[in-house]
Amino acid sequence: MSKSSRITSFKGASEAAQSIRDLISRVANSTATVLITGESGTGKELVARALHDESNRAGANFVPINCTAIPKELIESELFGHRKGAFTGAMNDRIGRFELAHGGTIFLDEIGDLSMDMQVKLLRVLQERTVDPVGGHKPVHVDVRVVAATHCDLEAQIVAGRFREDLYYRLNVLPLQTPALRQRPEDVPELLTHFSRNSIQNGAQPISFTDDFLDALQAYTWPGNVRELSNLVDRFSTFFAGQHLSLGNVPADLLPKGLAKLQAERCAYPATSLKRVVPKPPKVTSIYSAVKSSLLDELEDNPVEDIIMLAQGMSCLPAEGLSLKDRLADIERDLIIQALARTNGNVSQTARMLNLQRTTLIEKLNKYDLRQGVLNVSSG
């Protein structure tokens, strides 16, 4: 694999993404410690791996360790190893993560959560380039590139007395900050394509998105950043495999709250939506939009399909149960209201959007008391 191709895993054509890739290329072969900062889900470990892969240490181990995932009483043994009999349960010698990374790179994720006593021991390792296994009597030399990462403001942690200032300056030799996804919304379409292709199930085509959905996804603030986007694509790929999704086709229960709010605003008031593109009918009908005029009559003939549809419209089945026919009627009424909003109340256009006969739609308007505000009920 060429060096240029190793760092393309940090996706995006934005200036922020390109800047990260340039920094990786510039500092990869340095032996100096790197401190990666940024919000959770912004790809800090991805950057650490790219630093290793593009460096002259790529042939040796890349050893990641999450400092918050290991109990405090075990973190020293995990990092530095232990000798047989060092403590109860130490039946054999064990090599620590620093020794495993000898000649390569160790990635210390969430370094800001290390206890103060472990910070002192880590500082000594960075200064002396040796580790002291628990229960050992002889230091072990290690040749390791150290890359640390945190979502915390370490300078604020220093002021609060929770992080050592001398360790901070040992770590922060080459600073690198990963941008939040909301700071590079132009990268969202490329990331969606990338994750959609990686989430293909059972030979289906990757999911795709209409312009109105892409617009909403770029407007969303993504508090969980790229990790949240990846998880959302996995969810859609499971429920709507191979489909072309529009904003109004996805049940609000399957969207993050902020995105569901955008959906409600844009579907209810399409004329005032910023940069909104009126979507064409989706090429593939989603489960949720499969409600047709004959659905309620066919309920008993298609119980599995209908129960799946029901599940898409709510987070869970109430403990006391419910009326399946009533629930499906609520879904049908909601979709008719959305379609009417998009067509400004035009019955003929609404009927075409829902793939209904005009007369059938009028019957449903009467059934659900939706005639008020509807245009051309008589003449279409």
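The values are calculated or read from the model by the stated rules, or taken from the named source; none is laboratory data. Quantities reported herein were computed from a predicted structural model and do not represent experimental measurements. Cβ sites come from the backbone with ideal geometry, for glycine too, and all protein chains shown count toward neighbours. All accessible areas refer to the heavy atoms of the entire protein, side chains included, with ligands and DNA or RNA removed. Shrake-Rupley method; radii C 1.70, N 1.55, O 1.52, S 1.80 Å.
Using mean Cβ contacts within 10 Å as the protection proxy, how do 241-251, 181-191 order, highest first? Before the final figure, lay out each step's value.
Working: 241-251: 21.2, 181-191: 18.1.
The packing order, highest mean first, is 241-251, 181-191.
Roughly to the nearest percent, how much of the accessible area of the range 104-177 is carbon and sulfur, given a 1.4 Å probe? Carbon-and-sulfur percentage of accessible area, whole number: 49.
Go through Lys44/Lys72; Lys44/Lys257; Lys72/Lys138; Lys72/Lys257; Lys44/Lys138 and tell me which ones have a Cα-Cα distance over 29 Å in this structure. Write down the numbers at each step before the final one.
On the way: Lys44/Lys72 23 Å; Lys44/Lys257 25 Å; Lys72/Lys138 23 Å; Lys72/Lys257 35 Å; Lys44/Lys138 34 Å.
Violating the 29 Å Cα-Cα cut-off are Lys72/Lys257; Lys44/Lys138.
In this simple spin-label approximation, Glu165 and Arg197 carry label points 7 Å from Cα along the Cα→Cβ vector, and these lie 5.0 nm apart. Summing charges over neighbours of Gln157, with a neighbour being any other residue whose Cβ is under 14 Å away from its Cβ, gives -4 when K and R count +1 and D and E count -1.
Looking at the range 11-99, the trypsin sites (Lys or Arg not before Pro) that sit in a DSSP loop and have at most 12 other Cβ atoms within 10 Å of their own Cβ are Lys84. Looking at the range 174-258, the accessible area is 43 square angstrom per residue; that uses a 1.4 Å probe and ignores ligands, DNA and RNA.
Distance between the 7 Å Cα→Cβ label points at Asp143 and Thr31: 0.8 nm. For the range 40-141, the solvent-accessible area with a 1.4 angstrom probe is 48 square angstrom per residue.
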